[in-house]
Amino acid sequence: MLTRAIERWFQHEAAGGILLMLSAAAAMVVANSALAPGYDTVLNAKLSVTLNGQGLAKPLILWINDGLMAIFFFLIGLELKRELLEGKLKNPRDVLLPGMAAVGGMAVPALVFLAFNGAIPANIDGWAIPAATDIAFALGVLALIGSRAPVSLKIFLLTLAILDDMGAIIIIALFYTAELQLHYLFLALGPLALLIWMNLKGQHRMAPMILLGAIMWFFVLKSGVHATVAGVVTALCIPLKDRWGKSPLHAMEHALHPYVMFLIVPIFAFANAGVVLEGMTLADLLAPLPLGIALGLFLGKQIGVFGVTWLMVKTGIAKMPVGATWAHVYGIACLAGIGFTMSLFIGSLSYDDAAQMNAVRLGVLTGSIASALLGFVVLMLSASKATVAAKPALAE
């Protein structure tokens, strides 16, 4: 009985988002308790993998952010390839509205951040932090609305978030690359060439491809390009169909999804969301860095997503999602402001300073929670109004 209940809970669309929230809450509790020194010690403990003195030696927090998150991005890459070849991104007409909304939802938050931090050289690198949307969190909140929201809204939000992730991947590759070590990047071309060859011949066995992906990850990490890019590239090389007509991509995505959503992402959240509240005042929240992030997520996303959608529909370039009202679209624009996982990740790439990272966590959590609450309320009210409006028609 209990086992079935647990299985049903894990199968619910909101489960990933709820577990994410619990992990973030646990991180905040630990970071502000007597366990805080142990929390910091564990995250900064050095873990080395070396052979004859050569290899990697990094704090645990970087193994999580560079290693485990490469698996997270590998899953995103699998989802992107599937959607591009046979899903919601296959037809350009279906991508136009959420695609342009995603562009607006990345550009306006970045501008809001720069309005507060553009003149502060130490902060300017974080301009992309509020540009990201957390798919699991946003879809989790939408799932709480259930069937009371049109199905088209989920498709719109999912497509927008997928394209948002694609934009985040490009931003990370272009703007968050350390000093480039070209010889390591050249070495990464070897496993990449083998991966492309295996993809073209419809490789069925995935173990060799995963091994090659891991080797490429090592070379990319050493090159200075962020290693999560290797995760995406490896995923794009996984065949949609093998020589026998089966789908290695579908099988791997299905097998990997629960581990990423219920293990890797919560671990990342627990390791990165520990805001230290001791001695914090309202003035700290109103400082340029956290305020720029929070308002970028909360206001920038709303303005960017809703504004571009309104413009596209009113000019006749695109049509509204089927069955949706402007209140529904506004609710979705609010949910797009839940940055969380991707925002915290980009924050970790932007700053090394502990005080700045604490400010990033504060801004991301504030903006994301406010966006989630407002989006939920707006969509619930929209659903209630739609139900009330439908009753007279049903009575007739």
I want to confirm something. Restricting to the range 102-134 and keeping residues that are free of Cβ contacts under 8 Å to residues at least 40 places away in the same chain and of a type outside the set (A, V, I, L, M, F, W, C), which single residue is surrounded by the fewest Cβ atoms within 10 Å (Cβ to Cβ)? Pro121
If a residue has to be within 9 Å of Gly363 (Cα to Cα) and part of a loop (DSSP other than H, G, I, E, B) to count, how many in the range 282-307 make the cut? 0
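So that you can scan it fast, the table gives a plain yes or no per residue for (1) crowded, with 18+ Cβ neighbours inside 10 Å; (2) among the hydrophobic types (A, V, I, L, M, F, W, C); (3) farther than 30 Å from Asn44 by Cα:
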{"position": "Ala269", "(1), (2), (3)": "yes, yes, no"}
{"position": "Glu278", "(1), (2), (3)": "no, no, no"}
{"position": "Thr315", "(1), (2), (3)": "no, no, yes"}
{"position": "Lys319", "(1), (2), (3)": "no, no, yes"}
{"position": "Ala324", "(1), (2), (3)": "yes, yes, yes"}
For the range 328-344, the count of residues that are surrounded by fewer than 24 Cβ atoms within 10 Å (Cβ to Cβ) and either outside any helix (DSSP H, G or I) or out of contact with any Ser or Thr (no Cβ under 8 Å at 6 or more places or on another chain) (or both) equals 1
Any residue at all in the range 166-184 that's in contact with a Lys or Arg (Cβ under 9 Å, 6 or more places away or on another chain) and of a type in the set (Val, Ile, Thr)? no
Got at least one residue in the range 308-327 being over 17 Å from Met28 (Cα atoms), of a type in the set (Lys, Arg), part of a helix (DSSP H, G or I) and at pLDDT 90 or above? yes
If we only count helices (runs of 4 or more DSSP H) wholly inside the range 182-264, which ones have 2 or more residues that are of a type outside the set (A, V, I, L, M, F, W, C) and buried (at least 20 other Cβ atoms within 10 Å of the Cβ)? 207-223, 228-236, 248-259
List the pairs whose first member sits in the range 179-198 and is closer than 30 Å to Lys241 by Cβ, whose second member is modelled with pLDDT under 90 and of a type in the set (Lys, Arg), and whose Cβ atoms are under 7 Å apart, counting only residues at least 6 apart or on separate chains? none
With criteria (1) free of Cβ contacts under 8 Å to residues at least 60 places away in the same chain; (2) touching a Gly at 6+ places or on another chain (Cβ under 8 Å), Pro150 comes up short on (1)
Limited to the range 1-39, what total is found for residues that are of a type outside the set (Gly, Ala, Ser), modelled with pLDDT under 85 and surrounded by fewer than 16 Cβ atoms within 10 Å (Cβ to Cβ)? 12
Residue selected from the range 328-352 under the condition aromatic (Phe, Trp, Tyr) and farther than 16 Å from Ala24 by Cβ, by the criterion farthest from the chain's Cα centre (by Cα): Tyr330
Scope the range 131-159; condition under 19 Å from Leu381 (Cα atoms) and among the small types (Gly, Ala, Ser); matching residues: Ala138, Gly140, Ala143, Gly146, Ser147, Ala149, Ser152
Just checking, how many residues over the range 349-360 are more than 16 Å from Pro121 (Cβ to Cβ) and surrounded by 23 or more Cβ atoms within 10 Å (Cβ to Cβ)? 1
Checking Phe137 against (1) surrounded by fewer than 23 Cβ atoms within 10 Å (Cβ to Cβ); (2) in contact (Cβ under 8 Å) with a residue 40 or more places away in the chain; (3) in a helix (DSSP H, G or I): exactly one of these is not met. Which one? (1)
Which one of these does Leu89 not meet: (1) farther than 29 Å from Met380 by Cα; (2) in a loop (DSSP other than H, G, I, E, B); (3) hydrophobic (A, V, I, L, M, F, W, C)? (1)
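The values are calculated or read from the model by the stated rules, or taken from the named source; none is laboratory data. In this text the structure is predicted, and so the values were computed from the model without any measurement. Ideal geometry is used to build each Cβ from the backbone, glycine not excepted, and the neighbour counts take in all protein chains shown.
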